[in-house]
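Novice: I'd like to ask you about the structure that follows.
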Amino acid sequence: MDRHPTTGPHNSLMHWPDAKHPLRLVVNFLVVWTVRYSPSLRLKNWLLRRLGADVGEGVAFALTATPDVFWPELVTVGDHAIVGYDATLLCHEFLQDEYRTGEIVVGERVMIGAGAVVLPGVEIGDGAQVGANSVVTRDVPPETTVAGIPAEPIEE
């Protein structure tokens, strides 16, 4: 996870134009909006690759699944992974005195359930599963199922 301190009396979100050029953010937003609502998996993957995300073969982003808008280039999704309906891959977080960025790496054949949130700096190992509406705050080992807030391993 990379830390980026901000100065002055305002919270770090007030400094977002220093973090990402506004025009780049507009382009990212429009492309991510298209990714969220397009029914075409092929188009979604192609668009995400144009934004710099590393998207493997056969990846499925469900409707309204949201890759990071500010730093899509920090997203890696392995072959045949599924990012479920309304799931979010968040590669940044704005805090009071700093913002943080971190890569998200989703392994091959991972399944991320509907409404789950994956926070910055997390790696989800090959074949892992994330339960619906979970919040993934730390790495998930391969072939492990996690669920909850924060996501913890569960017995199958």
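Novice: Take the alpha carbon gyration tensor of the chain, find the square roots of its eigenvalues, order them as a ≥ b ≥ c, and report rounded if a/c is under 1.5; if not, report prolate when a/b exceeds b/c, else oblate.
Specialist: It comes out oblate by the Cα gyration axes.
Novice: Would you grab the residues whose amide H sits under 5 Å from the one on VAL77? Only those 5+ places off in sequence or on another chain, please, with H modelled 1.01 Å from N.
Specialist: Those lying under 5 Å, H to H, from VAL77 are ASP54, VAL55, GLY56, VAL106.
Novice: For a quick check: with amide H placed at 1.01 Å from N, whose amide H comes under 5 Å from PHE61's, ignoring anything fewer than 5 positions away on the same chain?
Specialist: So PHE61 has HN proximity to VAL83.
Novice: Please sort by residue number the trypsin sites (Lys or Arg not before Pro) in the range 65-154 whose DSSP state is loop and whose Cβ has at most 11 other Cβ atoms within 10 Å.
Specialist: The qualifying sites: there are none.
Novice: Of all beta bridges DSSP finds with both residues in the chain, what is the antiparallel percent, to the nearest 5?
Specialist: 30
Novice: Here is a follow-up. At 1.4 Å probe radius, can you tell me the per residue accessible area of the range 106-156 in Å²?
Specialist: 50
Novice: Let me check against my output: what whole-number percent is the relative contact order of the chain, with C-alpha pairs under 8 Å and at least 6 apart?
Specialist: This gives 17 percent for the chain.
Novice: Turning to a different aspect of this structure: Using Cα springs under 10 Å in a Gaussian network model of the chain, which residue among ASP86, ASP54, ASP18 shows the largest mean-square fluctuation?
Specialist: Between ASP86, ASP54, ASP18, it is ASP18 that shows the largest mean-square fluctuation.
Novice: Can you tell me the 0 to 90 degree angle between the C-alpha axis of helix 22-37 and the longest principal axis of the chain, rounded to 10?
Specialist: 20
Novice: If you plug each phi of the range 41-51 into the Karplus form 6.51 cos²θ - 1.76 cosθ + 1.60 with θ = phi - 60°, what whole-Hz ³J(HN,Hα) values come out, in order, with x for Gly and Pro?
Specialist: 5, 4, 5, 4, 5, 4, 5, 4, 5, 5, 7
Novice: Leaving out ligands, DNA and RNA, what percent of the accessible area of the chain is carbon and sulfur, probe 1.4 Å?
Specialist: Roughly 57 percent of what the probe reaches on the chain is carbon or sulfur.
Novice: Could I ask something else about it? Give the shape of the range 27-77 as rounded, prolate or oblate, defined through the alpha-carbon gyration tensor: a ≥ b ≥ c are the square roots of its eigenvalues, a/c under 1.5 means rounded, and otherwise the shape is prolate if a/b is larger than b/c and oblate if not.
Specialist: It comes out oblate by the Cα gyration axes.
The values are calculated or read from the model by the stated rules, or taken from the named source; none is laboratory data. Quick caveat, the model's predicted, so the values are computed rather than measured. Heads up, the Cβs are rebuilt from the backbone with ideal geometry, glycines too, and the neighbour counts pull from every protein chain shown. Areas reflect the complete protein model, heavy atoms only, side chains present, ligands, DNA and RNA absent. Shrake-Rupley method; radii C 1.70, N 1.55, O 1.52, S 1.80 Å.
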